[in-house]
Amino acid sequence: PSSPSRAYQSASYARKCHASVGPSSTKITEAPCHSDLGSPNRQIPRSQIPRSRAADAQQPAARREASSQPVSQFAQLTKSSPPAYQVLCDKLEPSTRPFCGGVGGARDADGRSSRCVSAADDVTFQADETNVEPVAAETVQMARREVLGRLNQPRAESPLHSSAQAEVMEELVAQLRRTAQGIENSSALLIGPAGVGKFRLLRGALARFGASGENQARAECGSAGVGKTPGGGRASGGEGGAQDLSESEFISVHLHPLLIPDDKTALIALAEQLQVSSAVELSRCVSFCDGVRYILHLLRRAKPAKQLEARRESQAQPVCIVLHEFERFAQRPKQTLLYSLYDLLQTAEAQLAVIGLTALCDAPDLLEKRVRSRFSGRMLVVPPLNSVSDVSMLIDSALALPPSMPSRYASLWAHHVRILLKKLDQCKPLRLRLQLGMSQRDVLMAVRLLIAELGPACPLPSVGAFGRSVEQLSLQSIEQTVRELSNTETLLLLCLKKILDKEIAPPHTFAIVLREYASFVSEYEGAGGVYDLPRAMLTKSFEHLSALGLVAVSTVGKSSHWLPLLEGSSLRLLVGSSTLHSIVRANLRLPDSVRRFGSSWLQ
Amino acid sequence: REMKVSHKRPRSETVGDQEENLECLRRQWPGREPEIARLTALLVEPDISLPLFVHGPSGSGKSGVIRGVLKALQIPLAVIDCIACSTSRHLYESTLNQLHRHNPRKANGYVGWSPCDSSATFVAGLREAITARGSICLLFEHAAELAQNQSMLATLLALPSLCQDHRVQMLFVAEAPWPDFHCATRFAPLITIAFAGYTASQLQEILLLDVHSIESTQASAYRNFVKLFIQYFYPVCRDVRELRHVCQKVFATWMKPVRDGLVSSKDTGTLLRHAQPCLQRAVSSIYVREGGATPAGLHSVYATQLPSCSKYLIIAAHLASRFPPKMDKALFAACRSFSTRKSKRPTTPAEQPLAFALERLMYIYAAVRADVSARETAELHVQLRALIQKKILVRVSRVGELEGMRLRFSAPSGLVEAVATDVNFDLTPYSFT
């Protein structure tokens, strides 16, 4: 069982990949998330739950109760508020009003990012408008801190799991359980896009086996001052809960390639995290492999366990080595660290699990043959968020407020969050983003942006604000950058484009661009016109284009060394034809001569 | 949690000051109100903890606004210039010195806060700084340079997770996003904030800020002039720094008849008629600085700004590129050997500059710089790198070749003469034919 056949691996991998995008995800979404994932809220004794988590535990019940009531009952709460709200709304700037001004128009005066306001927003606006009332700045501040505090919690403790990952979690836990029970030493790779929650998932899986992972993490974070819940990691989930508690807990060791440049440092980090560094003499270790064996030997001595039948010493606790950014370890020459660890898995000396985290789906291909043959080949694909319901669940748990908040504001907040979740599938930016692939981290970043925008002027979350937050996750479009250029710079871009379209043989140099520019001046402007500019000016403008990343300048040949930067360089246009065409056609600020020049050949 | 609470700033006391400072900032940077509001919203609470990438054209006020906001919010700040800190060690040590308020000076033997050559040490230093100061902010200016050092960029982007603390705020400032942004950052969490170019009305407002430097009698004339100036220059150039400079210069020319007493400053019609030829002439002088009327003047200005070892490096490179290596013994040897062989006649300097090896450049540098003990120091290599970046020296050997780096000198002769004059180095013995 320690080395399943390749066929099984590939079939399993394909099934995982399919599960991430296929129809089975719907089934996962419909499953109750808390029972599947074994949310810590249900298992930890009430006295041990910190304030915010206790609130989470109470929240679903409160929400169910609230949702069962008709909205009219809620409206009674705020019946007296409309005059106050109108006063508040009149004081606000159009851009800061929730859904007030600029429907369908630009978000700000410069028109840099157009606001996505759909019919759904209008509906929400009506709902919001009748319910919002002035809120004290301190209350909003308190709510902000509560939500941000939960988002900044150490990852294993925050109950922000997506239901789509439940299956992966179960498989990982089953794998780790085999190691904990001493059946086999396991190795696996958690593969998924950046920010999808691989580390969170692993920490969650380790937390099921006892408090060790948490204690270890607390030891790591101690100096940085990150608070942890005592005993918070001792949680078990779902069906296997009672069984898990009887199993040994894992000691987790984290190795990050950016902090560990070589094998010697890796040994020190390993000894440090296993708390045997005082007894280690690195001079005795000939190689990394020897060093790891020696450290595990010290660990067995430090924490003696019951002897096995063959009078062999066994580890009191299994060790889980977590290799962050696995591909960086694989890109190192000789892959000594990976080889030594995977080789150690094959022996009976160690009770060890080696879990790699990577965003590269072909990371195993980077392994050398000798390493690959020792690696079990298990790859667990952590899927990104697939549907709006996943996002909805994540936002729901992220935006829950504790009962310590003022009840009136908390009920208003809960109502607005409900509206937000209800209207989420009509949020156009979110749908676009989901089509591209959205990780948990993206959603939580959008939530942070949403929280950052909250204030006395806009005290409650809304769909429109969330949509704007999602828009802010994207880069500014190149079209917007081109739109802000001066006419001279636009002209130079058009000249370069014309050279490309004329299919003049490369290299396309600045001299050729200037020639094209001169032909424009003679044809459309005449000597002495506004655009009959000195060469220094044109050179500077072109350098500006290069700095903005619209033109790539690369030197070619040896002769270019003798010339100034632009003169002997080959130029490459980084702006698409359609962008330029739309600028020429739609930018009314451009003078007629430039537009005529552009539209003379651009299609 | 206790530790986190203890390091919170006493907000209630500082809220008033913050608002006042931010209001002052808005007045100082007209047209940047949305950006100031957004940055304030994202930075006011350390718990929001979103790394930011700020980009926009040069002169759009990115660094000024960010520094102003951070100062107003009283966030402990380390400013790192990615051009000046080209190596990871320099960057790490500079950051830690600033965060721990350590100033290398004579009293402490010019030693940094801690020698730091690995990311693990850097992270440990940062965690110590967070413990001491609550939250910290790292501002990386000229962040475009980081794209060339992928490993350093990866470390910097992963700092919050490496420190296991969300109170590390990072701000990257560059003119444009890194090429292949998502590949370069490996989809790291970064919020981009774009500083748009100024509109015509915003530029006008900025130029009117300079009215305080104008005589009060000419203030109204200046306001009229600025409207015309923007109308004329906005389609051509939008560089704020350049426009401010040219505006002052052209205004002085425009007001010459008033100073000469030919026209009254209240005679607006005559002045406006006079403006157009004045502005047309000014277009040709854009991006041309004082002293730059002749190339020699430019070179002398440039030469005086170089550090002394760079000046000698330029001279050494000039000599190395003009004479073949076989001439070195005759030209630069400290004591001439009396060989029985027929001494070679010095050949004429080469027409085209010759490529030369780095060791030879260092040897000639040591020979021409007799005043100090010229050793190959790190400082010398840093200056050499700077000269290569400025294209005064060009590397001709391939980048992968570590041994025997070869260079070529590509500065104009005017610059060499200006440098030689500046350091009193006599070039005449080397100009024989």
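The values are calculated or read from the model by the stated rules, or taken from the named source; none is laboratory data. Remember, it's a predicted structure, so these values are computed and weren't measured experimentally. All Cβ positions, glycine included, derive from the backbone under ideal geometry; neighbour counts span all protein chains shown. Side chains included, ligands, DNA and RNA excluded: accessible areas come from the protein's heavy atoms. Shrake-Rupley method; radii C 1.70, N 1.55, O 1.52, S 1.80 Å.
Give A:SER407, A:SER397 a once-over and let me know the one that is in contact (Cβ under 8 Å) with a residue 40 or more places away in the chain and either over 17 Å from the mean Cα position of the chain (by Cα) or open to solvent by 20 Å² or more (accessible area, probe 1.4 Å) (or both).
Selected residue: A:SER397, the only one of A:SER407, A:SER397 that is in contact (Cβ under 8 Å) with a residue 40 or more places away in the chain and either over 17 Å from the mean Cα position of the chain (by Cα) or open to solvent by 20 Å² or more (accessible area, probe 1.4 Å) (or both).
How many residues, within segment A:434-445, are assigned to a loop (DSSP other than H, G, I, E, B) and open to solvent by 30 Å² or more (accessible area, probe 1.4 Å)?
1
Which of the numbered conditions does A:ILE512 fail, given that it passes all the others? Conditions: (1) surrounded by 14 or more Cβ atoms within 10 Å (Cβ to Cβ); (2) within 12 Å of chain B (Cβ to nearest Cβ); (3) at pLDDT 85 or above.
A:ILE512 satisfies every listed condition except (2).
Quick test for you: out of B:VAL211, B:VAL168, B:VAL123, pick the one residue that is within 8 Å of chain A (Cβ to nearest Cβ) and either of a type in the set (Lys, Arg) or open to solvent by less than 50 Å² (accessible area, probe 1.4 Å) (or both).
Step by step, each of B:VAL211, B:VAL168, B:VAL123 is checked, and only B:VAL123 is within 8 Å of chain A (Cβ to nearest Cβ) and either of a type in the set (Lys, Arg) or open to solvent by less than 50 Å² (accessible area, probe 1.4 Å) (or both).
Do the conditions hold for A:ARG448, that is, is it open to solvent by 40 Å² or more (accessible area, probe 1.4 Å), touching a residue at least 12 places away in the same chain (Cβ under 8 Å) and either touching a Pro at 6+ places or on another chain (Cβ under 6 Å) or part of a helix (DSSP H, G or I) (or both)?
no
Across segment B:126-144, what is the total count of residues that are more than 10 Å from every other protein chain (Cβ to nearest Cβ) and outside any helix (DSSP H, G or I)?
8
Kindly establish whether B:ALA184 is assigned to a helix (DSSP H, G or I), closer than 23 Å to A:GLU471 by Cα and more than 9 Å from chain A (Cβ to nearest Cβ).
It is true that B:ALA184 is assigned to a helix (DSSP H, G or I), closer than 23 Å to A:GLU471 by Cα and more than 9 Å from chain A (Cβ to nearest Cβ).
What number of residues within segment B:233-288 are open to solvent by 60 Å² or more (accessible area, probe 1.4 Å) and of a type in the set (A, V, I, L, M, F, W, C)?
Residues meeting the conditions: 2.
Just to be sure before I move on: is A:GLU523 at pLDDT below 90 and more than 11 Å from every other protein chain (Cβ to nearest Cβ) in the structure I sent?
yes
State whether one or more residues within segment A:301-316 are out of contact with any helix residue (DSSP H, G or I) (no Cβ under 7 Å at 6 or more places or on another chain), away from every other protein chain (no Cβ under 14 Å), in a helix (DSSP H, G or I) and crowded, with 19+ Cβ neighbours inside 10 Å.
Checked segment A:301-316: no residue is out of contact with any helix residue (DSSP H, G or I) (no Cβ under 7 Å at 6 or more places or on another chain), away from every other protein chain (no Cβ under 14 Å), in a helix (DSSP H, G or I) and crowded, with 19+ Cβ neighbours inside 10 Å.
Take the residues in segment A:438-459 that are modelled with pLDDT under 90 and more than 10 Å from every other protein chain (Cβ to nearest Cβ); name whichever of them is nearest to the chain's Cα centre (by Cα).
Here the residue is A:GLN440.
When you check B:ALA147 against the structure, is it crowded, with 20+ Cβ neighbours inside 10 Å and within 11 Å of chain A (Cβ to nearest Cβ), yes or no?
no
Within segment B:32-56, how many residues are open to solvent by 20 Å² or more (accessible area, probe 1.4 Å), among the β-branched types (Val, Ile, Thr) and facing chain A (nearest Cβ under 8 Å)?
0
Hey, can you tell me all the residues within segment A:171-221 that are of a type in the set (Asp, Glu), in contact with a helix residue (DSSP H, G or I) (Cβ under 8 Å, 6 or more places away or on another chain) and modelled with pLDDT of 85 or more?
Across segment A:171-221, the qualifying residue is only A:GLU184.
Go through (1) assigned to a helix (DSSP H, G or I); (2) under 30 Å from A:VAL551 (Cα atoms); (3) under 20 Å from the mean Cα position of the chain (by Cα) for B:SER201 and report which single condition fails.
(3)
Scan segment A:481-509 for residues that are within 14 Å of chain B (Cβ to nearest Cβ) and out of contact with any Lys or Arg (no Cβ under 6 Å at 6 or more places or on another chain) and jot them down.
Selection gives A:THR481, A:VAL482, A:ARG483, A:GLU484, A:LEU485, A:ASN487, A:THR488, A:GLU489, A:THR490, A:LEU491, A:LEU492.
Exactly one of these conditions fails for A:ASN587: (1) modelled with pLDDT of 80 or more; (2) open to solvent by less than 40 Å² (accessible area, probe 1.4 Å); (3) under 37 Å from the mean Cα position of the chain (by Cα). Give me its number.
(1)
Residues to consider are B:ASP239, B:ASP210; find the one that is under 26 Å from B:GLU35 (Cα atoms), out of contact with any Cys (no Cβ under 8 Å at 6 or more places or on another chain), at pLDDT below 90 and not aromatic (Phe, Trp, Tyr).
When all the criteria are applied, what remains is B:ASP239.
Please pick out the residue among B:ARG89, B:ARG101 that is within 28 Å of A:ASP263 (Cα to Cα) and either open to solvent by 80 Å² or more (accessible area, probe 1.4 Å) or at pLDDT 90 or above (or both).
Within the list B:ARG89, B:ARG101, the selection yields B:ARG89.
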